[in-house]
Amino acid sequence: MSTLLVVPTELEARGLKELGFAPLICGMGPVASAAKVAYELAKHSPNCILLWGLAGAYPGSGLEVPSLVLVTEEFLGDLALCKGEHLEDLAPHLPARRRYPLPEPPRRRVHNLLEKAGLPPILGAGVTVSCVSGTRIRGEILARRFGALIENMEGAAVAQAAELAGVEMVELRVVSNLVEDPPRALWKIEEALSLGVRALQALKEFIR
């Protein structure tokens, strides 16, 4: 089984070369990540994509910083009518797909490998945004709207590119911060990156 390891930025790629990985750096945000992954899939045909990167945990999620999350489905969070902190559905004559479920079989395999390594992940939904939530209230709104635990900037975009190419995808996120006021107050980037590297080391059997 060939798996394409995808990371958003050089930050997440740090330390992976030493593990023997050569990840595709897709870029930050929905546009860059979808375009880069689609371009790569037009040239190569992996069996699966493993997207890993950092994420923010929503209020009420119960997630600690850092912690591992295996994403079950992604939602395009701000594909909506934005009114201040609030979001409303677009008009009915403007249909917009927002939900991207991720396949269960490869996720189960990743889950089992992580559990075996003593790194059990939490399962839950993610929200993909172009604009990171900078207030607790916006985080609460998105969490309620989509029943999600975390937010990121690439998941749904990469999921759509993978789906169009007929390639399965697994998304593994490491919580680096809580979505709260003030933003960036308690971010733990280095701790989250360290946990991510440990998780990928446990997945070497999957990423080959």
Of all residues in the stretch 32-67, which are over 16 Å from the mean Cα position of the chain (by Cα) and either crowded, with 19+ Cβ neighbours inside 10 Å or not small (Gly, Ala, Ser) (or both)?
39, 40, 41, 43, 44, 46, 47, 59, 64
Top-ranked residue in the stretch 100-137 [being among the aliphatic types (A, V, I, L, M) and at pLDDT below 95; ranked as farthest from residue 52 (Cα to Cα)]:
137
Test residue 122 against the criterion of being among the aliphatic types (A, V, I, L, M) and more than 26 Å from residue 26 (Cα to Cα), and give yes or no.
no
For the stretch 169-194, which residues satisfy the criterion of being surrounded by 17 or more Cβ atoms within 10 Å (Cβ to Cβ) and closer than 17 Å to residue 23 by Cα?
169, 170, 171, 172, 173, 174, 193
Listed by first then second residue, the pairs whose first member lies in the stretch 1-15 and is of a type in the set (Gly, Ala, Ser), whose partner is surrounded by 22 or more Cβ atoms within 10 Å (Cβ to Cβ) and modelled with pLDDT of 95 or more, with beta carbons under 6 Å and at least 6 positions apart or on separate chains, are 13/7
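Residues in the stretch 2-43 that are in a loop (DSSP other than H, G, I, E, B) and either in contact with a strand residue (DSSP E or B) (Cβ under 7 Å, 6 or more places away or on another chain) or β-branched (Val, Ile, Thr) (or both): how many?
Residues that pass the stated criteria total 5.
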One residue is enough: does the stretch 76-92 have a residue meeting the conditions small (Gly, Ala, Ser), modelled with pLDDT of 95 or more, part of a loop (DSSP other than H, G, I, E, B) and surrounded by 14 or more Cβ atoms within 10 Å (Cβ to Cβ)?
no
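The values are calculated or read from the model by the stated rules, or taken from the named source; none is laboratory data. What you see is a predicted model; the values in this text were computed from it and never measured. Cβ: placed from backbone, ideal geometry, glycine included. Neighbour counts: every protein chain shown.
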